[in-house]
Amino acid sequence: MGMTMTQKILAAHAGLSEVTAGQLIEADLDLVLGNDITSPVAINEMKKMKHQTVFDRDKIALVMDHFIPNKDIKSAENCKCCRDFACKHEITNYFDVGEMGIEHALLPEKGLVVAGDAVIGADSHTCTYGALGAFSTGVGSTDMAAAMATGKAWFKVPPALRFELVGKPGEWVSGKDVILHIIGLIGVDGALYKSMEFTGEGISYLTMDDRFTICNMAIEAGGKNGIFPVDDLAIQYMKEHSKKEFTVYEADEDAVYEETYTIDLSRLKPTVSFPHLPENTKTIDEAGDIKIDQAVIGSCTNGRMDDMRAAAKVLKGRKVAKHVRCIVIPATQAIYLQAMREGLLEIFVEAGAVVSTPTCGPCLGGYMGILAAGERCISTTNRNFVGRMGHVESEVYLASPAVAAASAVLGRIACPCEL
């Protein structure tokens, strides 16, 4: 029986010739990730273990990104815990103020993940790295602790869904619209503990940033991971960013998929996810007159260069509506610097937006954009649960950077084509 991409990667890391869906395996890991919220829990758990050293100081990444720069005493204490641990164990890939970025944008940029890797992270959106042809998935902090000590993790091999992408996306349709459409199609549990494998000639029209966005939100459909085939664009990205050797795995022709969905990209429209679940999607022409109070452009989902450029293209020469707060958050220091060099930050400020240091901040209701009761935010983040960005009576609408920027200008959920 043939294997999917994900199954081949897991088999290789478990030292097995083949695996099947549902099989329990122990796999070697290429990278273990934690952030300033999840790492302290893992560090404290590790202190209870017999293993008092990390398995490989080069294969652990600690990224301070959720409440950085520290917003209060508790966040400062969490970062100090991580900082002390990194110093004690001489962790190579520790990223703090001045070097940090939002973890799932930072690690590919730093070349820490490549095709064929097996990666776990104590953050649900670790599935982002499937864009590079890696197996990556989120775990709990206890699993992170065990992995830091042993370099291994247990998995139940996931079954797979195949998404055949065909056609060429139209203007203003991005990776965010693709994944919101898919989540709207299958639901927030439509891929529960399954691998979401993307194939088809339509992939050639998706940038790497599009692919990162799509894999990032696989978890919002319940997916164990999302993964793309490794094409010339992915190889070019890895060669530009990493010195690591990579391994290309391809699904067998007779690989078993529980279901195949064909997505015609040419038929998609800019899409918005309404409160309070990512599956509650409507196309932009179905949105109606929804006034907003805030727009957030950033996050591990949409804070990359493509996103900054798309937002700037819409905001250039225009003004954010008087009653709207527009917050732009480049995902890493390098993206911030590139946006500055391209004049994008000037465009944002002149339009009446504010530009933040890289942080997860408002995405999880942390800081830098908390909502009051009754307020609405259109956001390029990944979740719109009740109270996700502040008060339980606030609302979050998920959309692409272009739609978020156009909405900021018009003061209501809008398509850039209206400008």
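In this structure, does Val97 turn out to be part of a strand (DSSP E or B) and either under 25 Å from Thr332 (Cβ atoms) or open to solvent by 70 Å² or more (accessible area, probe 1.4 Å) (or both)?
no
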Considering residues that are open to solvent by less than 70 Å² (accessible area, probe 1.4 Å) and part of a loop (DSSP other than H, G, I, E, B), the number found within segment 33-55 is 6
Expected output for segment 182-209 (first residue free of Cβ contacts under 8 Å to residues at least 40 places away in the same chain, partner surrounded by fewer than 21 Cβ atoms within 10 Å (Cβ to Cβ) and part of a helix (DSSP H, G or I), Cβ below 6 Å, 6+ apart or cross-chain) is none
In the set Asp293, Asp307, the lone residue that is modelled with pLDDT of 95 or more and over 29 Å from Val63 (Cβ atoms) is Asp293
The strands (runs of 3 or more DSSP E) lying wholly within segment 102-160 that contain at least 1 residues that are out of contact with any Cys (no Cβ under 8 Å at 6 or more places or on another chain) and open to solvent by 10 Å² or more (accessible area, probe 1.4 Å) are 152-156
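Return the only residue of Ala76, Ala21, Ala12 being assigned to a helix (DSSP H, G or I), open to solvent by 10 Å² or more (accessible area, probe 1.4 Å), of a type in the set (Gly, Ala, Ser) and touching a residue at least 60 places away in the same chain (Cβ under 8 Å).
Sole residue among the options that is assigned to a helix (DSSP H, G or I), open to solvent by 10 Å² or more (accessible area, probe 1.4 Å), of a type in the set (Gly, Ala, Ser) and touching a residue at least 60 places away in the same chain (Cβ under 8 Å): Ala12.
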Output for Cβ contacts, cut-off 8 Å, separation at least six or different chains, first residue free of Cβ contacts under 8 Å to residues at least 12 places away in the same chain in segment 133-162, second open to solvent by 10 Å² or more (accessible area, probe 1.4 Å) and in a strand (DSSP E or B), reads none
Residue set Asp58, Asp30; condition modelled with pLDDT of 95 or more, open to solvent by 10 Å² or more (accessible area, probe 1.4 Å) and under 20 Å from Ile227 (Cα atoms); output residue Asp30
Listed by range, strands (runs of 3 or more DSSP E) wholly within segment 232-289 having at least 1 residues that are open to solvent by 40 Å² or more (accessible area, probe 1.4 Å), among the β-branched types (Val, Ile, Thr) and out of contact with any Gly (no Cβ under 9 Å at 6 or more places or on another chain) are 259-264
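The values are calculated or read from the model by the stated rules, or taken from the named source; none is laboratory data. Remember, it's a predicted structure, so these values are computed and weren't measured experimentally. Cβ coordinates were reconstructed from backbone atoms using ideal geometry, including for glycine residues, and neighbour counts include every protein chain displayed. Quick note on the areas: whole protein, heavy atoms, side chains included, nothing else; ligands and nucleic acids left out. Shrake-Rupley method; radii C 1.70, N 1.55, O 1.52, S 1.80 Å.
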